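**Student:** Structure below; questions to follow.
Every number here is computed from the coordinates shown, using simple stated rules; none is lab data. If you're wondering where the values come from, they're calculated on a predicted model, not measured in any experiment. Methodologically, a virtual Cβ is constructed for each residue, glycine included, from the backbone with ideal geometry; neighbour enumeration extends over all protein chains shown.
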Amino acid sequence: MNLEDLLRDKGEWLRSTGPHADIVMSSRIRLARNLAKYPFSHWASKKEQQEILAMVKDAIGSSKKMKTALCLDIGKLDSIDRQFLVERHLMSKEHSMDSESKGLCISDREVISIMINEEDHLRMQVMRSGFDLKDAWHIIDTLDDEVSNLLLYAYSPDFGYLTACPTNAGTGIRASVMLHLPSLVMTKQIGKVLQAITKLSLTARGLYGEGTEASGNFFQISNQVSLGHREEDIMDNIERIIKQIIDHEQSAREVLLSQNRAVLEDRIFRAYGTLRSAHIITSSETIDLLSLVRLGVDLNLIKSVDRALINELFIITQPAHLQKIEKKRLNPNERDIKRADIVRNKLVQNHD
């Protein structure tokens with residue numbers, strides 16, 4: 001497996017399968033771990049970072065779940081390849097910067113990815129399509145057991161797993177769910193929902209995590225603190241709250257259909273028409289219009305488009321993906337033209 005294989009294949013989390021896939025795009029569990037007897041990544045010397053990289057890669061190579069994984073040295077990748085991996089949610093934006101002595105290992109179908117020497121020595125994540133945190137937890141818990149038999153983790157009987165950021169200490173777990181909430185945005189209820197989850201020790205971010213806005217009506221909701229809480233309690237809490245948000249979004253969709261159907265259909269089909277006919281289109285406009293079309297598909301107003309195709313278009317129309325497809329660097333205007341071409345052709349082919 002190589003980077004070009006990733007471009008050709010559709011990541012598992014984009015397949016639009018799993019529970020509540022109409023509202024929940026993906027579920028993710030991430031674990032932060034550090035090696036005992038080594039400073040955290042930001043304080044480790046270059047020699048220590050190289051030793052950590054080699055040790056972790058050897059351990060991952062011995063894991064049954066990662067035996068066919070693609071392992072990359074981030075420092076050897078160009079800027080487009082690094083951005084490509086960020087766009088696919090396989091690594092953080094921070095991991096793509098100051099990339100010397102950093103690694104990334106990716107399993108088949110992009111279910112598992114492991115960042116080496118990010119903020120912590122290991123950032124392991126599992127992503128599943130739909131609302132399926134428990135399955136994601138089962139996979140990552142098994143992986144963590146395998147790796148912990150090969151590496152000595154930094155662990156305190158009082159504080160649990162030690163991490164670079166104190167908020168991640170304890171279990172080191174971050175459970176997050178990517179939600180598509182266009183109806184709550186349209187009915188102006190989203191502000192109250194986001195205020196409520198903040199009071200419940202959850203946080204909301206945009207499509208690409210911390211520091212990003214909720215473009216395309218996507219909201220990534222996750223736990224804020226892991227110290228002092230069991231993994232099961234953290235997941236039970238977020239699952240309970242996510243189920244309530246799903247119910248609110250479903251109710252808002254019913255209200256829009258019953259009270260403002262003509263206006264809703266007009267917005268959705270204008271978006272669909274623009275995407276099928278545009279010859280130049282920006283990334284932000286594409287995401288906003290695809291969000292409306294996805295809602296139209298979910299409400300069975302647009303019957304000729306598959307939701308999995310819309311999910312795919314959210315990713316392959318991002319800047320690095322466009323340049324990987326074209327196999328060359330493109331300026332912003334060239335990307336806008338290529339993006340429109342891809343969207344137009346995909347939607348027309350799917351309709352035909």
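**Student:** With labels modelled as points extended 7 Å from the Cα through the Cβ direction, what inter-label distance (nm, one decimal) is found for residue 201 paired with residue 62?
**Tutor:** Distance between the two pseudo-spin positions: 3.5 nm.
**Student:** Provide the gained length on full extension for the span residue 76 to residue 46, in nm with one decimal, where the gain is 0.36 nm per separating residue minus the Cα-Cα distance.
**Tutor:** Details: separation 30, 0.36 × 30 = 10.80 nm, distance 1.56 nm.
The span from residue 76 to residue 46 would gain 9.2 nm if fully extended.
**Student:** Next question. Once both axes come from the Cα atoms, what is the angle between helix 332-351 and the longest principal axis of the chain, in degrees from 0 to 90, rounded to 10?
**Tutor:** 70 degrees
**Student:** About the Cα centre, and with charges only on the beta carbon of Lys, Arg (+1) and Asp, Glu (-1), how big is the dipole of segment 200-335? Nearest 20 debye, please.
**Tutor:** Numbers: 17 positive and 19 negative charges, 131 e Å.
Using only the charged Cβ atoms, the result is roughly 640 debye.
**Student:** Mind giving me the nanometre distance, one decimal, between the label points for residue 301 and residue 288, set 7 Å out from Cα along Cα→Cβ?
**Tutor:** So the two model labels end up 1.7 nm from each other.
**Student:** Can you compute the FRET efficiency between residue 326 and residue 276 using 1/(1 + (r/R0)^6), with r the Cβ-Cβ distance and R0 = 22 Å? Round to the nearest 0.05. All intermediate terms of the calculation are to be shown ahead of the outcome.
**Tutor:** Details: r = 21 Å, r/R0 = 0.98.
Efficiency, rounded to the nearest 0.05: 0.55.
**Student:** Now for a separate question. Would you work out if segment 229-352 is rounded, prolate or oblate? Take a ≥ b ≥ c from the square roots of the eigenvalues of the alpha-carbon gyration tensor; rounded if a/c is under 1.5, else prolate when a/b is larger than b/c, oblate otherwise.
**Tutor:** Oblate.
**Student:** Each residue of segment 311-316 in turn: what ³J(HN,Hα) in whole Hz from Karplus with 6.51, -1.76, 1.60 and θ = phi - 60°, glycine and Pro shown as x?
**Tutor:** Running phi through 6.51 cos²θ - 1.76 cosθ + 1.60 with θ = phi - 60° gives 4, 4, 5, 4, 8, 6 Hz.
**Student:** Using modelled amide H (1.01 Å from N, peptide plane; none on Pro or chain starts), what sits under 5 Å from the amide H of residue 35, excluding residues fewer than 5 places away?
**Tutor:** 121, 154
**Student:** Find the cysteines in the chain that fail to meet the 4.7 Å Cβ criterion with every other cysteine, and list them.
**Tutor:** 165
**Student:** Taking +1 at the Cβ of each Lys and Arg and -1 at the Cβ of each Asp and Glu, which of 286, 319, 308 sits farthest along the dipole of segment 261-351 towards its positive end, judged by Cα position relative to the Cα centre?
**Tutor:** Toward the positive end, the furthest listed residue is 319.
**Student:** Where does helix 261-277 land angle-wise versus the long Cα axis of the chain, in degrees 0 to 90, nearest 10?
**Tutor:** Result, in degrees: 70.
**Student:** Here is a further query. Among 254, 94, what is the fewest-to-most ranking by other Cβ atoms within 10 Å? Could the numbers behind the result be given before it?
**Tutor:** On the way: 254 12, 94 15.
So the residues, fewest neighbours to most, are 254, 94.
**Student:** For the chain, what does the helix formula give at 222 nm: sum of -39500 (n - 2.57) over DSSP H segments with n ≥ 4, over the residue count, nearest 500 deg cm²/dmol?
**Tutor:** On the way: 12 runs with 162 residues, N = 352.
Dividing the helical sum by the residues of the chain leaves -14500 deg cm²/dmol.
**Student:** Oh, and also: Please check the chain for the longest run free of chymotrypsin sites (Phe, Trp or Tyr not before Pro) that are loop-located per DSSP (anything but H, G, I, E, B) and have at most 15 other Cβ atoms within 10 Å. Could the numbers behind the result be given before it?
**Tutor:** On the way: sites that count: 43, 159.
With chymotrypsin sites (Phe, Trp or Tyr not before Pro) excluded where exposed in loops, the chain gives 160-352 as its longest stretch.
**Student:** With a cut-off of at most 12 other beta carbons within 10 Å, and DSSP calling the residue loop, which trypsin sites (Lys or Arg not before Pro) in segment 1-70 qualify? Please list them.
**Tutor:** Loop-located and lightly packed - 37, 67.
**Student:** Working out 0.36 nm times the residue gap between residue 247 and residue 333, then minus their Cα-Cα distance, what length gain in nm do you get to one decimal? Each step should come with its number before you reach the end.
**Tutor:** Numbers: separation 86, 0.36 × 86 = 30.96 nm, distance 4.08 nm.
26.9 nm is the gain from fully extending residue 247 to residue 333.
**Student:** Listed here are the pairs 134/327; 47/67; 192/324; 199/324; 64/346; which of them are more than 32 Å apart at the Cα?
**Tutor:** Numbers: 134/327 39 Å; 47/67 26 Å; 192/324 40 Å; 199/324 42 Å; 64/346 37 Å.
Table pairs above 32 Å Cα-Cα are 134/327; 192/324; 199/324; 64/346.
**Student:** If I take R0 = 41 Å and measure r between the Cβ atoms of residue 152 and residue 188 in this structure, what FRET efficiency does the formula 1/(1 + (r/R0)^6) give, to the nearest 0.05? Please list the in-between numbers first.
**Tutor:** Details: r = 52 Å, r/R0 = 1.26.
It comes out at approximately 0.20.
**Student:** What shape does segment 1-145 take by its C-alpha gyration tensor, where a ≥ b ≥ c are the square roots of the eigenvalues and a/c under 1.5 counts as rounded, a/b above b/c as prolate, and the rest as oblate? Please report the intermediate quantities before stating the final value.
**Tutor:** On the way: a/c = 1.91, a/b = 1.48, b/c = 1.29.
Since a/c reaches 1.5 and a/b is larger than b/c, the shape of segment 1-145 is classed as prolate.
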